[in-house]
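Worksheet: one structure, shown below.
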Amino acid sequence: MPRAFWALVLMAGFAELGYVTLNISAMPVYLRDTIGLGESTVTAVGSIFLLTEAVFRAPMGMLSDRFGRRRLMLIGPLITCVTAITTVFVQHPVWFLLLRGLDGLGAAMLWPAAYAAIGDTVSPERRSWAMSFLNMTYMSGIALGPLAGGLANDLTGKKTASFYLVSVLFATAVLIIWRYYPRDGHSQPSHADPQHSEFSVRAFLGAVRLVPGHLLLAFVVFFGTGLVMLLVKLYAMDEFRISETMFGLGLVFPALLIGALSVPIGHWSDRLGHVPSVRLGLAGGALVMWAIVLPAKPHPLLVLLAAGVGALSFVLALAAWMAELSEVYPERRGVILGAAGTAQGIGSILGALLGGVLYEHANLTIGNWHIPSHRVPFIGCALMLTLGVLLSFLVLKPSRTARQRPSR
């Protein structure tokens, strides 16, 4: 593998660790316990990040097709390097909305360019394997982000410490790309049609028309995960009365183990096929969520075990999903990935907004079964993942990955 590939993997590790520490660990606890905002407001602030990332992912994907990957992979992390520190000096909710919006713009610059850069540097037959390295960094971020943020806060006794840590992580990501990713690392596919890389609404809508089923599936699945993604840490602290550090420690071993298995899973996904891997991963995730929500009072060990199995399913599905998207129309890879990211972002936004309201207000009683409000978003997640499994059989066809570009 070329040095550019390993630079991408290393950069993604620091960036994903930064995003997880910021959005999953630092912001929810800081906004609720220090600023005094309710859960619905906490998720609204987090949704601004998701909104701006969703809106700008497709345009940034187009820009990466046209101007190259490196510039966007430098600017994106640099934005959050600055906004993370700025967060500790503001108090009004409007400032939190503005800063998280800028973070979303930075993420929209970074991730489509990074995934497209992987597609640029790796042959199609090894693409799931290569994408699995980015998934490995994702799982490492999930494993270490809550622990890093929790330790920073608990050891210093200040909820602001994790924001300084986030700034350092993103500064490191910027330095890695600046030093090790070559200036000419982006290479347009030889059969690309230049007009398909233009920064235009027409190009984006054209991408939407090419893969409508993929985008619907992306929306449904990420709506489900959005219901719970900003509430996981608050749920653990409310349900089991644990500290920030204990929450982080509980995630380390299963997430690091799964991170280590990401590359073998990528190999297996290449042999199994991208579409069957997506279906199998979604089915595993749905079963795990039902295993968590059906018991009246889940045991913490059951939750940890389910989280591990669910993460394995996620790694299998996401590696194959990104490989599937990158191969549908290779000459429009940046636009397709950007459009899919937008659909995923919109689903995550709406899910997060609804999840916060449900968490704070939606106590349910079904017969003799009383469901406290903080568990309702997780039931919604299980339902959406189940719907995603059904949709995957309707909209994904194994032949798509081998489909040739149609004649015009």
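The values are calculated or read from the model by the stated rules, or taken from the named source; none is laboratory data. From a predicted model like this one, the values you see are computed outputs, not experimental measurements. Don't worry about glycine lacking a Cβ; one is built from the backbone with ideal geometry, like all the others, and counts go over all protein chains shown.
Could you check region 326-336 and list, in sequence order, the residues that are closer than 14 Å to Gly213 by Cα and crowded, with 24+ Cβ neighbours inside 10 Å?
Result: Ile336, single match.
Table: residues versus (1) modelled with pLDDT under 80; (2) part of a helix (DSSP H, G or I); (3) aliphatic (A, V, I, L, M).
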site: Phe253; (1), (2), (3): yes, yes, no
site: Pro276; (1), (2), (3): no, yes, no
site: Gly281; (1), (2), (3): no, yes, no
site: Leu287; (1), (2), (3): no, yes, yes
site: Ile292; (1), (2), (3): no, yes, yes
site: Gly310; (1), (2), (3): yes, yes, no
site: Glu331; (1), (2), (3): yes, yes, no
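Has region 150-167 got at least one residue that is surrounded by fewer than 24 Cβ atoms within 10 Å (Cβ to Cβ), more than 14 Å from the chain's Cα centre (by Cα), of a type in the set (A, V, I, L, M) and not in a helix (DSSP H, G or I)?
no
When you scan region 312-329, how many residues do you find that are under 20 Å from Ala283 (Cβ atoms) and either outside any helix (DSSP H, G or I) or of a type outside the set (Gly, Ala, Ser) (or both)?
Final tally of qualifying residues: 9.
Taking interchain pairs and intrachain pairs at least six residues apart, which have beta carbon atoms under 9 angstrom, with the first residue in region 298-310 and farther than 20 Å from Gly224 by Cβ and the second surrounded by fewer than 17 Cβ atoms within 10 Å (Cβ to Cβ) and among the charged types (D, E, K, R)?
Pro300/Glu239
From the list Leu37, Leu50, exactly one residue is surrounded by fewer than 22 Cβ atoms within 10 Å (Cβ to Cβ), within 20 Å of Val228 (Cα to Cα), of a type in the set (A, V, I, L, M) and touching a residue at least 12 places away in the same chain (Cβ under 8 Å). Which is it?
Within the list Leu37, Leu50, the selection yields Leu37.
Taking Val335, is it free of Cβ contacts under 8 Å to residues at least 40 places away in the same chain and either on the phi > 0 side of the Ramachandran plot or part of a helix (DSSP H, G or I) (or both)? Talk me through it step by step, then tell me what you get.
On the way: free of Cβ contacts under 8 Å to residues at least 40 places away in the same chain: no; either on the phi > 0 side of the Ramachandran plot or part of a helix (DSSP H, G or I) (or both): yes.
Here the answer is no, as Val335 does not meet what is asked.
Identify, from the list Leu390, Leu304, the residue that is more than 30 Å from Met62 (Cβ to Cβ), modelled with pLDDT of 80 or more and assigned to a helix (DSSP H, G or I).
Criteria check complete, one pass: Leu390.
Mind checking whether some residue in region 103-115 is in a loop (DSSP other than H, G, I, E, B) and not hydroxyl-bearing (Ser, Thr, Tyr)? It would help to see each step written out before you state the result.
First pass over region 103-115, keeping only residues in a loop (DSSP other than H, G, I, E, B): none.
Looking for residues that are in a loop (DSSP other than H, G, I, E, B) and not hydroxyl-bearing (Ser, Thr, Tyr), one finds none in region 103-115, hence no.
Could you give every pair whose Cβ atoms fall below 9 Å, whose first residue belongs to region 1-24 and is within 19 Å of Pro182 (Cβ to Cβ), and whose second residue is crowded, with 24+ Cβ neighbours inside 10 Å and among the charged types (D, E, K, R), counting only separations of at least 6 or pairs across chains?
Qualifying pairs under 9 Å: Leu8/Arg69.
Report yes if some residue within region 190-210 is under 26 Å from Leu51 (Cα atoms), at pLDDT 75 or above, part of a helix (DSSP H, G or I) and within 18 Å of the chain's Cα centre (by Cα); otherwise report no.
Checked region 190-210: no residue is under 26 Å from Leu51 (Cα atoms), at pLDDT 75 or above, part of a helix (DSSP H, G or I) and within 18 Å of the chain's Cα centre (by Cα).
Can you name the residue in region 62-80 that is of a type outside the set (A, V, I, L, M) and either under 16 Å from the mean Cα position of the chain (by Cα) or modelled with pLDDT of 95 or more (or both) and, of all such residues, is surrounded by the most Cβ atoms within 10 Å (Cβ to Cβ)?
Thr80
Please work out which residue is farthest from Thr52 (Cα to Cα), limiting yourself to region 81-113 and to residues that are of a type in the set (Ser, Thr, Tyr) and buried (at least 19 other Cβ atoms within 10 Å of the Cβ).
Thr87
Can you tell me how many residues within region 1-34 are more than 26 Å from Arg100 (Cβ to Cβ) and among the aliphatic types (A, V, I, L, M)?
Number of matching residues: 4.
Would you check if there is a residue in region 339-362 being more than 17 Å from Ala218 (Cα to Cα) and assigned to a loop (DSSP other than H, G, I, E, B)?
Checked region 339-362: at least one residue is more than 17 Å from Ala218 (Cα to Cα) and assigned to a loop (DSSP other than H, G, I, E, B).
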